[in-house]
Amino acid sequence: MQFTINKEVLLEGLNKVMKVVSPKHSILILQGILFEVTMDKLVLTGSDATETIRYSIPADDKNLTILSEGKAVLPKNVVEISKKLKKEIQVSSVGPNCQIVSGKSDFNIITLDADEYPKFNDFHLNSSPTVTYSGNEFRDLIRKTAFSASTSEVRPLLTGICLEIVNGYCRLVCTDSHRLSRVSKPTKSDKELKLVIPAKSLDNASKVFSDEEVDLYHNGQQVLFRNGNTLYLSRLLEGNYPDTSRLIPTEHKSKLTIKRSELYDGLDILKGLSLSADDNKGGIVKLHINGAAHLSTNQSQKGKGKIEIPYDAYEGEEDFTISFNVKYLQDALKSIDKEQVELCFNGQMRPFVVVPDEEELQLILPVRTA
């Protein structure tokens, strides 16, 4: 293979596919990046065997000029080399040797056999996608849910996001059994669907996708996203995702209406002391409402804190107290775009929900304190 490419164009593609490349992968060839050159494009591929990203760069005689076809697997240090080169980079590969030239810089890189690189499954790309959203809509769906995924492999399904299409809505649900995020968005798709996709995969995809439309395709084992020149393939998680609908209360005894920023800033002031009192496990804060609303921490070696926070309205039982993980509520508030939110309670030891609108909610389990 032989081609000349603009440095910034190459780096854009390399930075996308590097999201899933691990230098410590047990399979040597997956530690590198696959370069595939045809007379009309360069395709870069990175993979860790469960996630794969392919990025296509069309030949246009301005940013990319193809001189000959071929393919090779280059080590990941091609990224660091490219960063330090001049604007135009010349790449040529013969057998196991690849030469990278730019200005007065000249590198000879040992490549791996591209035929050993896992084949990419581009199923159904010629058919209609199951669902389509803009890049911004896709990123919002992930931003509002992925943080609630479990990081423990004890229950693998909880490391994923459940994506369900039913009755004209696409709904994403994510829980680690201590908190839950749910967001719904109208879709034109008339197909019913339920998939569990690793949250890490969706988070990675949201970081490499542009504002162009995101198309979703799937088969029984994998899900494929297409966004402009980027394809993102991920495995699906097997099993039945827990029925979370029964966890979400349909009515409430008390409701606090408050500005999101006021509540977030109050929690932020107490976060340090709450972590100290909780041995840095997450931090516990107590909310007490009795004519006024107060946030407070437990006693620790660094002391304790209590602040009053303003709110817009409160209805329900007076002298109400509930304790919760400060990080969980801050994460929930960060994911919300609306300035005003409602916190709906059903008692001191029942889950409470944070609701900005009808299509979105965050649920948090309270913490028992002395």
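Every read-out reported here was derived from the displayed coordinates using simple, explicitly stated rules and does not represent laboratory data. None of the values given here were measured: they were computed from a predicted structure. Neighbour counts run over all protein chains shown; Cβ positions are idealised from the backbone, glycine included.
Observations
- Normalised radius of gyration (Cα atoms, divided by 2.2 N^0.38 Å) for the range 140-255: 1.08.
- Label sites at N108 and D40, each approximated as a point 7 angstrom past Cα along Cα to Cβ, lie 3.6 nm apart.
- Considering only alpha-carbon pairs that sit under 8 angstrom and 6 or more positions apart, the relative contact order computed for the range 131-245 is 28 percent.
- Estimated FRET transfer efficiency when R0 is 45 angstrom, pair T244-Q90 (beta carbons, to 0.05): 0.25
- Relative contact order of the range 241-370, defined on C-alpha pairs under 8 angstrom at six or more residues apart (%): 27 percent
- Surrounding net charge for N229, when Lys and Arg each add one and Asp and Glu each subtract one, Cβ distance under 12 Å: +2
- Cα centre as origin, Lys/Arg/Asp/Glu Cβ charges: the range 248-364 dipole, Debye: 680 debye
- Site pair E262 and S177 shows an inter-label distance of 3.7 nm when each label is modelled 7 Å from Cα along Cα→Cβ.
- Take 250-260, 235-245 and order them by the average number of nearby Cβ atoms within 10 Å per residue, most first; the result is 250-260, 235-245.
- Paramagnetic label zone (point 7 Å from Cα along Cα-to-C-beta, K338; backbone N under 14 Å) in the range 252-268: 256-261
- The H on the amide N of T145, modeled in the peptide plane, is under 5 Å from the matching H of no residue at least 5 residues off or on a different chain.
- Taken along the Cα-to-beta-carbon direction at a fixed 7 Å, the label points for I81 and I269 span 5.6 nm.
- Gain upon complete extension [K194, E358; 0.36 nm per residue less C-alpha separation]: 56.9 nm
- From its DSSP helices (H runs of at least four residues, each -39,500 (n - 2.57)), the chain gives a residue-normalised ellipticity at 222 nm of -5000 deg cm²/dmol.
- For Kirkwood radius over Cα pairs in Å, calculated from these coordinates, the label among (i) 21.1; (ii) 23.3; (iii) 24.4: (ii)
- Shape of the range 248-364, Cα gyration tensor, a/c cut at 1.5: prolate
- N126-K255 FRET efficiency (beta carbon distance; Förster radius 45 Å; 0.05 resolution): 0.35
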